[in-house]
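Below is one structure; the comments refer to it alone.
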Amino acid sequence: MTEEPKPEHYCILIADDLPSNLAYFDEALRTFGYRTITAQDGQEALERIAEQVPDLVLSDVNMPRMDGFQLSLRIKKDTRTSEIPVILVTAMDDRESLAKGLSSGVDDFLIKPVNLSELQARVRNLLLVRDYRRHMRRYTTELEEQVAARTADLKQAFDQLKLANDQLRHASLDTIRRLSTAAEYRDADTAAHIWRMSTYSSAIARQLGMGDEFTDAILYASPMHDVGKIGTPDNILLKPGAFDPEEKKIMQQHTLIGESILGDSDHPLLQMARTIAGGHHERWDGSGYPRGLAGEGIPISARVVAVADVYDALTTQRVYKPAWSSEKAFELIRESAGTHFDPRCVEAFLEIRDKILDLQQIHRRKPKDRNLILAKGK
């Protein structure tokens with residue numbers, strides 16, 4: 001993995017019609033080490049972008065001539081600037097405003113008054129995600145060109161295509177690992193959780209008869225299920241007690257943020273990862289979020305991951321609860337068939353109870369021993 005670029009390598013455009021706000025964010029970002037460009041409204045921001053394309057845009061929502069939503073829409077519709085991450089700063093935190101922002105291509109929100117530590121973390125994360133996407137696209141393009149250049153000789157083309165497919169798969173998995181790491185740095189328990197639940201998900205899918213291609217895909221796509229939590233404030237993500245209604249609303253946004261981060265990739269693994277990120281909190285009876293999907297309207301990959309994710313969450317100690325016994329967790333999952341979970345997924349999960357317990361024990365071993373056992377088992 002290459003060394004993370006330093007802040008001075010990035011340029012951030014700040015748009016705000018209030019000089020005091022403009023000066024506040026300009027000074028803060030310069031203090032963090034970033035280079036900055038400023039604009040007093042959305043129209044001026046577009047003019048600045050035409051002169052110098054920034055690496056990220058931080059914009060107020062309410063501005064004359066062109067507001068933050070319109071600015072984001074214009075940036076995302078232009079192929080030359082569509083990859084630029086956009087953060088909107090707003091005093092509004094209602095679902096309608098968040099939905100409007102997401103439909104305008106907004107990547108993240110900051111609610112006033114803005115905490116500088118949170119600002120620094122959000123900016124850093126979005127720049128990392130943008131760099132990883134570019135890395136993936138460049139790598140894919142290079143491989144496609146390499147294969148195309150060798151199609152004249154059939155045998156050589158076949159060998160090159162096989163090599164290209166292998167490299168593309170490794171590049172995809174590397175991107176998933178990197179994106180997962182972007183979320184892991186905020187929660188020490190996350191790394192172990194994502195690999196446990198991903199192996200549980202693959203085992204459930206195999207028991208359902210989904211085939212090797214699907215079971216391998218869900219193994220590598222499911223670790224991205226909570227990548228949207230990089231956009232959740234630490235005071236909520238790490239809160240030891242229950243959420244109040246507003247905190248719960250913000251926490252639930254991680255599903256939509258995860259979808260936005262994963263984007264509209266043409267790669268099947270990232271497509272599945274996006275589906276899982278947006279759907280693993282939906283419930284069979286329609287009482288879940290973010291869309292209230294029900295039954296088979298919920299994608300099968302999200303239904304499988306929902307069972308694995310909840311089981312691992314129940315049997316793991318968290319800041320707000322002790323770990324449950326496996327027996328108690330299995331019983332709750334059994335009782336939740338037809339309400340929270342797809343009954344078929346629960347049935348498959350219960351049929352491989354011993355396999356789940358074995359995987360649980362494997363993941364408690366040292367990483368080197370664990371990887372060796374999993375490789376032999378596969």
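The values are calculated or read from the model by the stated rules, or taken from the named source; none is laboratory data. Bear in mind the structure is a predicted one, so any value in this text is a computation, not a measurement. Cβ atoms come from the backbone with ideal geometry, glycine included; neighbour counts cover every protein chain shown.
Okay, here's what the table says:
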item: Residue check, LEU88 among the hydrophobic types (A, V, I, L, M, F, W, C), assigned to a strand (DSSP E or B), modelled with pLDDT of 95 or more and not assigned by TED's automatic domain parsing to the domain that holds ASP264; result: no
item: Where a residue in the stretch 46-67 is outside any helix (DSSP H, G or I) and its partner, wherever it lies, is basic (Lys, Arg), with Cβ under 8 Å and at least six apart; result: VAL53/ARG80; PRO54/ARG48; ASP55/ARG130; LEU56/ARG130; MET66/ARG74
item: Of residues in the stretch 171-214 being in contact with a helix residue (DSSP H, G or I) (Cβ under 7 Å, 6 or more places away or on another chain) and basic (Lys, Arg), the one modelled with the lowest pLDDT; result: ARG186
item: Every pair of residues 6+ apart whose Cβ atoms lie under 8 Å, when the first sits in the stretch 294-306 and is not assigned by TED's automatic domain parsing to the domain that holds THR339 while the second is modelled with pLDDT of 95 or more and surrounded by fewer than 17 Cβ atoms within 10 Å (Cβ to Cβ); result: none
item: Any helices (runs of 4 or more DSSP H) falling wholly within the stretch 232-280 and containing at least 2 residues that are touching a residue at least 40 places away in the same chain (Cβ under 8 Å) and surrounded by 15 or more Cβ atoms within 10 Å (Cβ to Cβ); result: 245-252, 254-262, 268-279
item: Inter-residue pairs, beta-carbon under 8 Å, first surrounded by 13 or more Cβ atoms within 10 Å (Cβ to Cβ) and modelled with pLDDT of 95 or more and in the stretch 15-35, second small (Gly, Ala, Ser) and part of a helix (DSSP H, G or I), 6+ apart; result: ALA15/GLY42; ALA15/ALA45; ALA15/GLY68
item: Answer residue from the stretch 96-110, given it is surrounded by fewer than 19 Cβ atoms within 10 Å (Cβ to Cβ) and of a type in the set (S, T, N, Q) and is nearest to the chain's Cα centre (by Cα) among those; result: SER103
